[in-house]
Amino acid sequence: AIGPVKKICCIGAGYVGGPTMAMIAHQCHDIEVKVVDINAERIAQWNSDELPIYEPGLDDIVKGRRGQNLIFTTEVDEAIREADMIFISVNTPTKTFGVGAGRAANLEFIEKCARKIAEVSVGHKIVVEKSTLPVRTAEAVKAILAEATSGATFDVLSNPEFLAEGTAIDDLLAPDRVLIGGESEAAIQALVDVYAQWVPAERLLTTNLWSSELSKLTANAFLAQRVSSINSISALCEATEADVDEVAMAIGMDSRIGPKFLKSSVGFGGSCFQKDILNLVYLCEYFGLPEVADYWQQVVTMNDYQKRRFVHRMVRTMFNTVSDKKIAIWGFAFKKDTNDTRESAAIYVCRDLLLEKARLSIYDPQVTKAQIVANLEAVFQNGDQELSAVSRQLIENNVEVVSDAETAADSAHAIAVLTEWDEFANADFAKILQRMKKPAFVFDGRNTLKGLNLEDIGFDYQGIGFSR
Ligand code: UDX
Ligand code: UDX
Ligand code: ADP
């Protein structure tokens with residue numbers, strides 16, 4: 001029989017595991033939650049004043065429960081052995097090698113977790129897939145667990161996380177829905193009972209395992225598709241004097257379409273959208289559905305086009321050359337209110353500007369210089385073993401990272417806004433204009449400065465999806 005959950009172990013202290021477990025500990029004081037990771041430095045950060053991820057509201061929740069019923073530790077085996085429920089929340093990056101390279105998910109870390117659980121478990125455990133996974137991964141997890149030699153028994157659930165970065169705490173506090181897929185009613189009920197402590201019953205949705213796994217990929221594919229759809233229209237708007245924000249407003253009032261996720265931008269980023277769509281595409285091909293694969297591939301193709309198009313427009317507008325021009329890059333994170341830069345459009349825009357021989361002065365309120373340089377090195381390295389000397393020089397000689405937006409714009413020919421940080425709208429634009437080269441261009445990849453009418457004070461202002 002499966003009793004109420006008393007001890008939880010979460011494997012993986014990342015962007016998903018950390019905040020989700022902090023919320024469970026915050027809501028369920030009678031459950032002991034241990035978050036484990038093989039990365040000792042990350043665990044040390046979770047135990048310090050400076051948490052490894054920036055997320056509004058996270059600090060208070062972690063510091064409120066840490067050391068009580070929320071424990072961060074590297075003692076993986078012990079935490080697994082003690083727990084009655086184990087969440088797997090490790091990373092599932094796109095494979096960079098071998099079969100399916102560039103598209104399939106790398107399930108190495110998931111499989112290692114399953115093997116570890118099989119090895120050290122005793123008694124009965126409920127194993128919960130929290131990471132985003134290809135549909136039918138649970139089959140592999142079950143097969144590995146079935147080989148446990150200790151006589152331990154397992155139920156496997158899929159419980160994908162839908163939180164968005166930057167709003168993780170709000171999303172966890174009041175989720176649109178919590179999705180739980182499984183085969184054993186009792187195991188499903190045990191996890192339902194955990195969430196029921198703060199999530200209303202009508203938002204707790206249970207399905208079969210495979211629907212749950214596939215729903216996560218599908219949700220991300222639909223969300224990304226909306227961004228690519230509106231971005232495709234932004235290109236047409238620039239050619240026709242339509243304004244993409246007006247179009248988005250007009251279509252969003254149709255209740256069948258809805259107003260959210262229609263913000264045109266320099267391109268979507270983040271750890272999930274591209275990875276999950278490529279994974280969906282790979283799965284469709286695997287199951288012999290090339291038309292479906294092609295349909296979804298187009299969402300990524302359009303996003304790549306949007307990023308390239310932004311740089312082309314900058315170069316064209318600046319008299320067809322940005323060579324040796326200083327360009328201020330405002331924002332490097334993939335969206336505001338996060339320090340995460342995975343797949344950020346800024347990485348690709350900066351790469352293309354560097355290839356045009358521009359000089360970049362980058363400012364982001366939450367991203368460190370080390371992170372920015374690492375991202376740029378990786379994109380130039382492009383999966384190769386080593387960064388070429390030429391690329392290293394290009395980055396070293398042409399990239400500076402500064403600590404405020406005004407300094408970045410000092411003596412610059414242009415400002416490129418790549419993340420919609422609120423503080424950018426509060427900059428002293430009259431002062432900035434004085435100190436920039438003329439004509440002073442602003443290329444707003446987020447339309448965050450659109451309402452400021454910067455052209456009235458003397459800027460050449462260009463945003464996404466409109467022409468003035
Ligand atoms: C459509 C638009 O809805 C309407 O706003 C516009 O003015 C004219 O075009 P209409 O073609 O009359 O209206 O019907 P609609 O309800 O949109 O359905 C169009 C087709 O899509 C139908 O064949 C319908 O069966 C199909 N459909 C619609 C689906 O297959 N699935 C759905 O979820 C919705
Ligand atoms: C996404 C999903 O929203 C979340 O449910 C899932 O669990 C993980 O993936 P996340 O990547 O954290 O979350 O952020 P999201 O807010 O979805 O933004 C993704 C990217 O799309 C960002 O680069 C954002 O700037 C961009 N975006 C989003 C737009 O360009 N326009 C929009 O209208 C919305
Ligand atoms: P996500 O965005 O999915 O949370 P992250 O990369 O932020 O992904 O976090 C995943 C975490 O999982 C990393 O901190 C990594 O060290 C950890 N991890 C990966 N494999 C294992 C493993 N076998 N055991 C414990 N932790 C692991």
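The values are calculated or read from the model by the stated rules, or taken from the named source; none is laboratory data. The shown structure was predicted, so the numbers you read here are calculated from the model rather than taken from an experiment. Positions of Cβ are backbone-derived with ideal geometry, glycine not excepted, and every protein chain shown enters the neighbour counts.
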Yes or no: residue 230 closer than 22 Å to residue 58 by Cβ and either touching a Phe, Trp or Tyr at 6+ places or on another chain (Cβ under 6 Å) or modelled with pLDDT of 95 or more (or both)?
no
Criterion: near ligand 3 (Cβ under 9 Å from one of its atoms), outside any loop (DSSP other than H, G, I, E, B) and of a type in the set (Gly, Ala, Ser) - qualifying residue of 18, 14:
18
Within the stretch 436-468, how many residues turn out to be among the polar types (S, T, N, Q), surrounded by 16 or more Cβ atoms within 10 Å (Cβ to Cβ) and under 20 Å from residue 316 (Cα atoms)?
2
Those residues that are among the polar types (S, T, N, Q), within 18 Å of residue 6 (Cα to Cα) and buried (at least 21 other Cβ atoms within 10 Å of the Cβ), I need them from the stretch 119-158; list them, please.
121
Residue 197 is checked against (1) farther than 15 Å from residue 87 by Cβ; (2) without any contact (Cβ under 8 Å) to a residue 40 or more places away in the chain; (3) of a type outside the set (A, V, I, L, M, F, W, C); (4) touching a helix residue (DSSP H, G or I) at 6+ places or on another chain (Cβ under 8 Å) and fails just one. What number does that condition carry?
(2)
Output yes when any residue across the stretch 369-387 is over 26 Å from the mean Cα position of the chain (by Cα), in contact (Cβ under 8 Å) with a residue 40 or more places away in the chain and within 30 Å of residue 422 (Cβ to Cβ), and no when none is.
no
Please tell me if residue 139 is under 21 Å from residue 13 (Cβ atoms) and either in contact with a Pro (Cβ under 6 Å, 6 or more places away or on another chain) or part of a helix (DSSP H, G or I) (or both).
no
Taking the stretch 142-169 and keeping residues assigned to a loop (DSSP other than H, G, I, E, B) and under 14 Å from the mean Cα position of the chain (by Cα) leaves 161, 162, 163, 164, 165, 166, 167
For the stretch 125-153, name all the residues that are of a type outside the set (A, V, I, L, M) and within 30 Å of residue 61 (Cβ to Cβ).
125, 129, 130, 131, 132, 137
Answer yes if at least one residue in the stretch 376-393 is modelled with pLDDT of 95 or more and closer than 25 Å to residue 424 by Cα, and no otherwise.
yes
If a residue must be closer than 14 Å to residue 76 by Cα and more than 16 Å from ligand 2 (Cβ to nearest atom), how many such residues does the stretch 11-34 contain?
4
Note: among 53, 71, 86, 110, just one is more than 16 Å from ligand 2 (Cβ to nearest atom) and outside any strand (DSSP E or B), namely 110
Could you tell me how many of the residues in the stretch 247-275 are part of a loop (DSSP other than H, G, I, E, B), more than 10 Å from ligand 2 (Cβ to nearest atom) and surrounded by 19 or more Cβ atoms within 10 Å (Cβ to Cβ)?
0
Against the conditions (1) out of contact with any Ser or Thr (no Cβ under 6 Å at 6 or more places or on another chain); (2) within 16 Å of ligand 2 (Cβ to nearest atom); (3) not charged (D, E, K, R), where does residue 100 fall short? Just the number, please.
(2)
